[in-house]
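Below is one structure, written out as structure tokens; the observations come after it.
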Amino acid sequence: MSKPGSAKGRPHTGTRRFISGVVEGFYGRPWTMEQRTELFKREQKWGLNTYLYAPKDDYKHRMYWRDLYSAEEAEQLIALISAAKQHDVEFVYAISPGLDITFSNPKEVAALKRKLGQVRQFGCRSFSLLFDDIETEMCAADKQAFSSFAHAQVAITNAVYQHLGDPETFLFCPTDYCAAFCTPNVSQSLYLHTVGEKLLPGIDILWTGPKVVSHKISVESIEEVSSVLRRAPVIWDNIHANDYDPQRLFLGPFKDRPTELISKLGGVLTNPNCEFHPNFVAIHTLATWCKATTDGGQRDVEMVSPSPDDEEQDPCYSPQKALTLALTDWLQEFMSTDQPGGPCRPAARFKKESSEEEPMQTDMGESSYVPGAGENPLYTAEPLTLDDLKLLSDLFYLPYEYGPTARTMLQELDWLKNHSWAATAETDKTAEWRSRAQQFDDMCKAVVQMFNRLSNAPNRRILYDLYNYICDIKSGVGLARAYVKTLGGQAQPSAQLLNDDPEPWGFRGGLSGELQRMLPCHGNRDLFRHPPMTAVYSIRLYCPEDKLEVQRIFKEMQSAGEGKVPLMMQPPLICDGLSAGEISPSPQCALVLEDEIGMCGYALALIDAKPAAAKIQRALGDSVFKDFPSLVTIQVLPRVTDPSPAKRMIGRLLSSIRSSGSRGMFCELRQSDRRMLDFYTKLGFFKPIQPAGLPPDIIAMGTSL
Ligand code: GDL
């Protein structure tokens, strides 16, 4: 496989050029012609060789795919295709006819050929047919003509490919374009097998990896799909795509794709953020990745031995180093003003010692305003720094990962919240609480400073693309900061955000946010609490030999949860006897959870909880046992970051208890046990109950069966 770089064609035999670059393939406002031309310049500079034109919401690419381009549009496309050529970038024109094409109608095939023929006249030599995100059910006419959807797509693709004279680059995007879409799986997918077998060998196939937005793409997964497709796929990478969530932007490095893949793929095209300018990092780091070689060949930058933070070290590519390189170049871009839309107000001036630039002034001939004695000094903006950009990237990192500073902020806020009892009362933890609160405040301040410096950067185009996101994060951080101040007993005006009648920025997210907060699973996928699951868990029935391990987990969790009041001074819970092995769980009502290390959790239940309550002299009213005769307890070690195994255990116990004829089940929790309180609350079906006879620090939650 030759290295990326040249835009010469892809010979069908011998060494094929590695396709590298960008696919404009997202939903939403397409990029402008000017931005695309800027992209070609960058691609050339960074050694990327391809641009795939596939903007989902461009009328004539998808919805009105049959319509030919008008003279004016033609002029623009001709200019664009020629700009790509000038910059040694291969322009691939994609069309998405799948929304309404009738594959079996020759007129439709003719329309497709006519449209692509027109684009060929514009100077384009490389094409692509995309069948992603469409209905998989064929119309009656097509069902008669083709034995499957794959057969229909392949027939039309092969016909168009041959009509265009077997172009050297021709890409096909299947409807099942990631492993998650394959039934029953990649190796047994009839659809993929048909595509692999019938699609002409000169046609490349696009693939997004295990998922639409793939966290990691492994060598094994590519080997598997390559053998089904009978060719190396070209990755359409959605790692930086943000068209599915208006609050997210991805400024982290290209990551979690081993460079060993380079020799196993036909290429990689990134489908990045909808906003053009923030894609600097996405594209720059992809270019660095593409330059990595495993054969010890020439490298522009030393990419070996990444920092110890890198979980999986790639001998040829360090995401952290690639990120620093990208941000260093991006900083220059922020500082450039040689374009319309640059700063034009005196407010955008910089402190003299830190910038060579003349203050921008458009007051045409008028002398600058100089404040007199006792008047307000002029606003001076500090210049943006590399650290600001590092922080920005950390806050808007990758879909499955926050950057290091963002992670620290989340951890610290979580700790401050969970130890808020130490904030005001004088305990041995109070000094630590205050110092950590101060550090948290400093981190929040750095975000505000970064915001200020960014909003004064000379390059306004980049700023405007980032603006909504940085405002949003500044506001979110402001709320957290106010909250910590409130916990620490410092009455700050900003804490008003948290009162009963907050401003609209105190409750964010609109209707969509509102709906999400109402769902019992809200927060289940928080990256902070539940990073993507990589461990495999198994749940099995408890047996008497498990007693010691269950006791161990119980003790471990008890000491982890120790708060202000030592445990022995707290009233016991009815379920403690179950966990401690003093009471046996009811048959079929006990489960244990295991991972590759060993037992990591359990869920135990009693169909009739009355005797256990009597054992600890808990005098609950009879009415409680009438509505909720059964009792459950669950513990899961902190290393289990995914909430689903615990939920599954509860689900299984609920059905066992329901089938025993019980009317309801309850659990007891200590008020200080926020973790379990949160767990039961998020399940959605346990509600607080207040039976008479419950000690003050204990909460009971119940569910009817
Ligand atoms: C998709 C779409 C793409 C979109 C992306 C992220 C492919 C092949 N198609 O499924 O247009 O931008 O998800 O939302 O990825």
Translational diffusion coefficient (Stokes-Einstein; Kirkwood radius from C-alpha pairs) of segment 14-67 at 37 °C, 0.692 mPa s, in µm²/s: 263 µm²/s
Those lysines that a straight Cα-Cα span of less than 22 Å connects to K211, excepting residues fewer than 8 apart in one chain: K56, K255, K264
Bridge type composition, segment 601-705 - antiparallel percent by DSSP, nearest 5: 90 percent
Positive end of the dipole of segment 386-517, charges at C-beta (+1 Lys, Arg; -1 Asp, Glu), about the Cα centre: which of W433, G403, L386 has its Cα farthest in that direction? L386
Determine how many Å³ per residue the convex hull of the Cα atoms of segment 154-201 encloses. 73 Å³
With each pseudo-label sitting 7 Å past Cα toward Cβ, what's the E549-W505 distance in nm, one decimal? 5.2 nm
Return the lysines within reach of K615: Cα separation strictly under 28 angstrom, same-chain partners fewer than 8 residues apart disregarded; answer none if there are no such residues. K547, K555, K564, K626, K687
Mind pulling the per residue volume of the convex hull built on the Cα atoms of segment 181-251? Å³ is fine. 101 Å³
Let me see the P(r) profile for segment 1-152: every Cα-Cα distance counted, bins of 10 Å, each bin given as a percent of all pairs. 10, 36, 32, 18, 3, 0
Percent of alpha carbon pairs in segment 538-704 separated by more than 25 Å? 24 percent
Taking the Cα centre of the chain as origin, sum charge times position over the Cβ atoms of Lys and Arg (+1) and Asp and Glu (-1), and report the length of that vector in debye to the nearest 20. 1220 debye
Which cross-chain or sequence-distant (5 or more) residues have an amide H under 5 Å from the amide H of W236, H modelled 1.01 Å from N in plane? W207, T208, L269
For segment 624-705, build the convex hull from the C-alpha positions and give me its volume per residue in Å³. 82 Å³
No solvent, one uniform scatterer per C-alpha: report log10 I(q)/I(0) for the chain via the Debye equation at q = 0.07 1/Å, two decimals. -0.64
Place the peptides 90-96, 588-594 in order of packing, highest mean first, counting for every residue the other Cβ atoms within 10 Å and averaging per peptide. 90-96, 588-594
Probe radius 1.4 Å, ligands and nucleic acids ignored: give me the carbon and sulfur share of the accessible area of segment 19-293 as a rounded percent. 52 percent
MRE, 222 nm, helices only [DSSP H, n ≥ 4, -39500 (n - 2.57), over the chain, to nearest 500]: -12000 deg cm²/dmol
Cα centroid separation, segment 221-294 to segment 380-437 (Å): 30 Å
Please report, in whole Å, how far the alpha carbons of segment 211-284 spread along each principal axis, starting with the longest. 38, 22, 16
For the chain, the charge dipole (Cβ of Lys, Arg +1; Cβ of Asp, Glu -1; about the Cα centre) points to a positive end, and the Cα of S420, P319, S512 closest to that extreme belongs to S512
Can you tell which of L199, V234, A54 lies farthest toward the positive end of the dipole of the chain, using +1 and -1 charges on the Cβ of basic and acidic side chains (Lys, Arg; Asp, Glu)? L199
Tell me the Kirkwood hydrodynamic radius of segment 19-293 in angstroms, computed as one over the mean inverse distance between distinct C-alpha pairs. 18.8 Å
Heavy-atom accessible area per residue, the chain, 1.4 Å probe: how many Å²? 47 Å²
Within segment 386-517, what is the number of lysine pairs with alpha carbons under 21 Å apart, leaving out pairs fewer than eight places apart on the same chain? 10
Translational diffusion coefficient, Stokes-Einstein: compute it for segment 386-517 using the Kirkwood radius over C-alpha pairs as Rh, at 4 °C and 1.567 mPa s, and state it as an integer in µm² s⁻¹. 80 µm²/s
Apportionment of accessible area to carbon and sulfur, segment 538-704, percent (1.4 Å): 56 percent
When only alpha-carbon atoms count, how far does segment 72-167 stretch along each of its three principal axes, as whole angstroms with the largest first? 46, 25, 24
Express the carbon and sulfur contribution to the solvent-accessible surface of segment 390-520 as a percent, rounded to the nearest whole number, probe 1.4 angstrom. 54 percent
Roughly how big is segment 386-517's charge dipole about its Cα centre, with Cβ charges of +1 (Lys, Arg) and -1 (Asp, Glu), in debye to the nearest 20? 280 debye
One finds the C-alpha centres of segment 21-36 and segment 86-125 to be spaced, in Å, by 18 Å
Loop GluC sites (Glu not before Pro), segment 101-142 (other Cβ atoms within 10 Å of the site Cβ: 15 or fewer; DSSP): E135, E137
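The values are calculated or read from the model by the stated rules, or taken from the named source; none is laboratory data. Keep in mind the model is a prediction, meaning the values are calculated, not measured. Every residue, glycine among them, receives a Cβ derived from its backbone with ideal geometry; neighbour counts consider all protein chains shown. Remember, those area values only see protein heavy atoms, side chains included, never the ligands or the DNA or RNA. Shrake-Rupley method; radii C 1.70, N 1.55, O 1.52, S 1.80 Å.
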